[in-house]
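The values are calculated or read from the model by the stated rules, or taken from the named source; none is laboratory data. Bear in mind that the values here come from a model prediction, so they are computed numbers and not experimental data. No Cβ is skipped: glycine too gets one built from the backbone with ideal geometry, and neighbour counts run over all protein chains shown. With ligands, DNA and RNA removed, areas are computed over all heavy atoms of the protein, side chains included. Shrake-Rupley method; radii C 1.70, N 1.55, O 1.52, S 1.80 Å.
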Amino acid sequence: MQDRDLNEYSPSRSLSSKHLSCSHRLCDMGSNCKTSKQQQCPYTINYLSDNTSSSGLLVEDIFHLQSGDGSTSNSSVQAPVVVGCGMKQSGGYLDGTAPDGLIGLGPGESSVPSFLAKSGLIRDSFSLCFNEDDSGRLFFGDQGSTVQQSTPFLLVDGMFSTYIVGVETCCIGNSCPKVTSFNAQFDSGTSFTFLPGHAYGAIAEEFDKQVNATRSTFQGSPWEYCYVPSSQQLPKIPTLTLMFQQNNSFVVYNPVFVSYNEQGVDGFCLAIQPTEGGMGTIGQNFMTGYRLVFDRENKKLAWSHSNCQDLSLGKRMPLSPPNGTSSSQLPADEQQRTKGHAVAPAVAVRAPQKPSVASSQTSYMISYWRHWHCHWLLLFHLLSVFY
């Protein structure tokens, strides 16, 4: 898909938009809904960081997507989705975090992949790819390449509610400290990575042993293990490897955040922070250089190395919906509902350089959310449906 100017989305200017009524099954009002036909459905979502929240109204509209790999096909699809249009924001939103809002990519019924899959437009899977140059791609319906590793998603209280995997051990270079197993959520909406205290301590200490630089501190840095190189060049950085079942490995070749000055490298930090409890979060900084496949259909996370330009070789399905399913209508309420209710999906670009306001649901940051308006952006260079 070619770059194009993108306009601000306003429900009042869209001929296909309509507000969800409070009696809709995706609405969380329940018995508080008094006049179901006239009363609109509000939403409120509170995030885990910075006292951040968003509230507004849920709107149904049509999502326009380009199919294929963006180079050989001009066909497109129209997909119904529910969007949360924010009227009141707090916390991180007021400081410029995710100024265009968030795109919901989690397993819940109100996320964009869920709507697309239940409409019969795609396989129940999508992939994210983050390149070293800060570009990237999002493909709906992608089940990955023939050369990829994978690990199963873990259930939480018997439910598939978020993208959690089990890490059996974590290695720095060729050294694998003991007692570094943990569960972690893969969350593209979190810029950096957080590990449980026991794993963090062992990994950071081993990294400190192997890196050839002087330990230092940087004002304002959220990281504990920071260094000043002996020259203006980055020294050799040991890799960080997450090991999964059946000896599958996820190698992070550059687990550091680098600070530059006019002469070159000013310093660098191991871009991991400790978190309380036994659950870690694998953030976007660990995902760079990979095509990450969130295969909800087969309940697994898959990955392969990619420069985000070689994504045409993937598993695809026809664009047309199955018999009896209309692509212009939302799935029946019974199909939409699993457990839980709508949050506020919107659409997207880059994660800010701070922990996400949306660590409870895999989301990808976008560039501006304004009072009563939702910007709908096509992610990076391409937002596609595999055909």
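If you go through segment 86-107 one residue at a time, do you hit one that is assigned to a strand (DSSP E or B) and without any contact (Cβ under 8 Å) to a residue 24 or more places away in the chain?
no
Go over the candidates 134, 142 one by one and state the one that is closer than 25 Å to residue 257 by Cβ, of a type outside the set (A, V, I, L, M, F, W, C) and assigned to a loop (DSSP other than H, G, I, E, B). Write out each step before concluding.
Details: 142 fails: closer than 25 Å to residue 257 by Cβ.
Result of the check over 134, 142: 134.
For segment 180-226, name all the residues that are over 30 Å from residue 102 (Cβ atoms), in contact with a Ser or Thr (Cβ under 9 Å, 6 or more places away or on another chain) and open to solvent by 10 Å² or more (accessible area, probe 1.4 Å).
181, 198, 202, 206, 209, 210, 212, 213, 214
Checking the condition at pLDDT below 85, polar (S, T, N, Q) and under 19 Å from residue 187 (Cβ atoms), which residue from 97, 162, 72, 151 passes?
97
Need the failing condition index for residue 208 against (1) under 20 Å from residue 302 (Cα atoms); (2) acidic (Asp, Glu); (3) out of contact with any helix residue (DSSP H, G or I) (no Cβ under 6 Å at 6 or more places or on another chain), just the number.
(1)
Hey, can you tell me all the residues within segment 256-271 that are among the aliphatic types (A, V, I, L, M), modelled with pLDDT of 95 or more and assigned to a strand (DSSP E or B)?
Within segment 256-271, 256, 270 qualify.
Of the residues that sit in segment 263-283 and are under 20 Å from residue 214 (Cα atoms) and not hydrophobic (A, V, I, L, M, F, W, C), which one is least open to solvent (accessible area, probe 1.4 Å)?
Result: 267.
So for segment 246-255 (the condition being assigned to a strand (DSSP E or B), within 21 Å of residue 287 (Cα to Cα) and open to solvent by less than 20 Å² (accessible area, probe 1.4 Å)), does at least one residue qualify?
Let us first name the residues in segment 246-255 that are assigned to a strand (DSSP E or B), namely 249-252.
Keeping just the survivors that are within 21 Å of residue 287 (Cα to Cα) gives 249-252.
Narrowing the set further to residues that are open to solvent by less than 20 Å² (accessible area, probe 1.4 Å) leaves 250, 252.
Yes; the residues of segment 246-255 include at least one that is assigned to a strand (DSSP E or B), within 21 Å of residue 287 (Cα to Cα) and open to solvent by less than 20 Å² (accessible area, probe 1.4 Å).
From the list 160, 130, 140, exactly one residue is open to solvent by 30 Å² or more (accessible area, probe 1.4 Å), more than 15 Å from residue 280 (Cβ to Cβ) and touching a residue at least 40 places away in the same chain (Cβ under 8 Å). Which is it? Steps first, please.
Numbers: 130 fails: open to solvent by 30 Å² or more (accessible area, probe 1.4 Å); 140 fails: open to solvent by 30 Å² or more (accessible area, probe 1.4 Å).
160 is the lone residue from the list that is open to solvent by 30 Å² or more (accessible area, probe 1.4 Å), more than 15 Å from residue 280 (Cβ to Cβ) and touching a residue at least 40 places away in the same chain (Cβ under 8 Å).
Quick one: which of 58, 105 is hydrophobic (A, V, I, L, M, F, W, C), at pLDDT 85 or above, surrounded by 15 or more Cβ atoms within 10 Å (Cβ to Cβ) and under 27 Å from residue 302 (Cα atoms)?
105
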